[in-house]
Each structure stands twice: as structure tokens, then as C-alpha cells.
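The values are calculated or read from the model by the stated rules, or taken from the named source; none is laboratory data. Model, not experiment: these values are computed from the prediction. Glycine also receives a Cβ, built like all others from the backbone with ideal geometry; neighbour counts cover every protein chain displayed.
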Amino acid sequence: MTQSKADDFAEGVICASADQATCELLLETLTDMGQNVFPAVDGPSVVALASRMRATLIVLDIHLRGLDGVRACARIRSLPGHTRTPIVMLTQNDTERVQAVAAGAGATMFIARPFGPVKLACALAKFLNCDDLASNDDGTPGAQCHPKTLCQISDTDMAGSVQAVLKRPAALATPARSGVVLVADDDSLIRSILRSKLEALNQDVVLANNGQEAVELASKMRATLIVLDIVMPKLGGIAACEQIRKMPGYRDVPIVILTFNGSAEAITGASRAGATAFLTKPFGSAALLLALSEYLSISSAMREMIYADAVKAAGGRSFGRPSLPPT
């Protein structure tokens, strides 16, 4: 069994919102802009992520569970290496009081709702080396953007200008499906990320909320890859893995375990249950895609594209592809 660690990819954009739709919008927009995205669902998770990685940009909703965006921003600013990290705050209104509070906590900029992918991309591009889409210092769009103030930009206004940045590679657009992936995680955001990434690789994705659901679904289908979180209600990933391995037809199907705990004990338990690989959270979208692609039936061209994206997300640093030695 192999273990993929997040440390090799610990550079990218952290984003957090308590709103599922906003999380998915941030994930899709930033991924389409070529960024390695590390999502979080609450304030404490954002601070924990920032303490363990090199964030190139942090996008925070002002309303977060556990620790609101303003306090999370202030705590991040106190962390080593984050005194100059751009922090963008998402908010429901743009009053001077809100601006003052956000600025006092150390926010670099704020974006008032409503916003779609185009307005979001224009606002964030200035921090992400997307010069053709970036806003000017006064908040107006860059040279390729529609000449309206940022708050007035609509997605239809900018559809042509933004197309080059928000464009999915043609190699990933084919409708043919090449596999069926069963994903089990009690975190809805992780499920959303996995579904988005795997469907982009032409896989059919079946989702489960816990290990018990995963076992029941596996008995009724023939998955080509199974991804299980190690800690889930009703039945954990290791127990689910063990039960699935005993089912007819699942002896050789790859099973990948996701966990925050990369201890030797956890790895040994997963290995004894029959897991093929072990992926430690937090992971960026590029790291996740690279690790899972090793177990998918995809073209060599698509595989090379995934590897190139992972190298780019890692800041151009070279690293070895995940190896698959026998358990």
C-alpha cells in the first residue's frame, strides 16, 4: 500500500465558506484558473490549513462556523509567513463599517455578493498571475475586462473576455465514461470535490454519506475504484474496506483511504483491511487528482496533463509519480 502526503503539494489557494453553493463556485472558478485549491468549511479549519501550508491566496466568507471570517483572518495574519498573504473577504454587504472591520483584521480586499464565476475570477486574478483578467488598483477591471466598475460586472458582460482563463481542456470534455467510482465521505464538500474532479476524468461517480451506505452500494454495483474516508458515522472506512474486500468481484478493485491521521497505526489498519493506497488530508485538488488518476483507465495524454498540472500547482517543483508497489 502506498501513502500520498499533502506536504509535496502544500502550496495553493485556501478557500472557505459555510455556504455549499459558494464553496462549489470557489472550487470550480479557482480550479479553472489553474489553481491548486484547499477547501475548508469552517474558521478553525482555515486557520489550521494556513498554519501547515504556503497559501498563495486565502478567500474567506465573513460568516463561518466556529470562527467567523474576521477573527480567522486576524489569526492567520499572526501566523509565520502570512503577514503578506493576500486575504480576500466575501460578504453580503459593502458598507464602510464592514470594510473597516475587514481591513482592521488584515483583509486585503473584499467582494460583496452577488457574484458569479466571471466577477469572482476578475477580482481574484490580480493575486493569481492572471494579468489579462486582473482588476486595476481602483477596483475596475483590467485591460481585457468590460469597462464597468467591478461591482457592476455581470457574467454575460464578461463571457468573451474570461473564456481563455475559465476554460476546461478539450481532452477532459469527452462524454464517454470509462469507469465507476464509489466515494464515501461524511463531509459534503469533500464529496463535491471528488465528484467534480472524477467526472472531469470521464468517470461515473456514486456518492455515499458513510461506510454503511458504501458497503450497501458496493453490493449492488461493480465499482472500478472506491474512495473511503477513514472516519465516518455508522461504519468507518477501514471496516467498510474490509467488508467490501470480501464481496465477489472486489478482490482486486483499488480502494483508497482518506484520512487526517497519517500515523503508522492508521496505515497498518488500512493495509490489513485491504486498502490499496492512503491519502492524507489536507490535499489540494491537483494532488488528489494525481493520486487517484493512477487507478483510473484514462489515456496517456490525459495522465500527462494531470501530472503537468500537479507540477504547476507545486510551484514548478519536480516530484516522482506515486508508485504502486505490492502491499
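Here are a few things to note about the model shown:
- For the stretch 267-299, the set of residues classified as of a type in the set (A, V, I, L, M), surrounded by 20 or more Cβ atoms within 10 Å (Cβ to Cβ) and in a helix (DSSP H, G or I) consists of ALA270, ALA273, ALA286, ALA287, LEU288, LEU289, LEU290, ALA291, LEU292, listed by residue number.
- Condition met for GLU304 (surrounded by fewer than 23 Cβ atoms within 10 Å (Cβ to Cβ) and within 27 Å of ASP186 (Cα to Cα)): no
- Any hit, the stretch 262-274, residues being touching a residue at least 24 places away in the same chain (Cβ under 8 Å) and closer than 17 Å to LEU201 by Cβ: no
- Looking across the stretch 109-125, the residues that are among the hydrophobic types (A, V, I, L, M, F, W, C) and either under 21 Å from the mean Cα position of the chain (by Cα) or part of a helix (DSSP H, G or I) (or both) come down to ILE111, PHE115, VAL118, LEU120, ALA121, CYS122, ALA123, LEU124, ALA125.
- For the stretch 98-110, residues that are crowded, with 18+ Cβ neighbours inside 10 Å and under 13 Å from ILE58 (Cα atoms) total 4.
- Scanning the stretch 32-61 for residues that are surrounded by fewer than 23 Cβ atoms within 10 Å (Cβ to Cβ) and farther than 21 Å from PHE260 by Cβ returns ASP32, MET33, GLY34, THR56, LEU57.
- Tally, over the stretch 60-92, of residues that are assigned to a loop (DSSP other than H, G, I, E, B), polar (S, T, N, Q) and either within 22 Å of ALA121 (Cβ to Cβ) or not assigned by TED's automatic domain parsing to the domain that holds ARG113 (or both): 2
- Only residues that are outside any helix (DSSP H, G or I) and farther than 21 Å from GLN92 by Cβ were counted across the stretch 15-56, and they come to 10.
- Of all residues assigned to the stretch 184-191, at least one qualifies as being within 17 Å of the chain's Cα centre (by Cα), more than 22 Å from ASP309 (Cβ to Cβ), modelled with pLDDT of 90 or more and not in a helix (DSSP H, G or I).
- Among the residues of the stretch 311-324, some residue qualifies, meaning at least one is in a helix (DSSP H, G or I), under 19 Å from the mean Cα position of the chain (by Cα) and either surrounded by fewer than 20 Cβ atoms within 10 Å (Cβ to Cβ) or at pLDDT 75 or above (or both).
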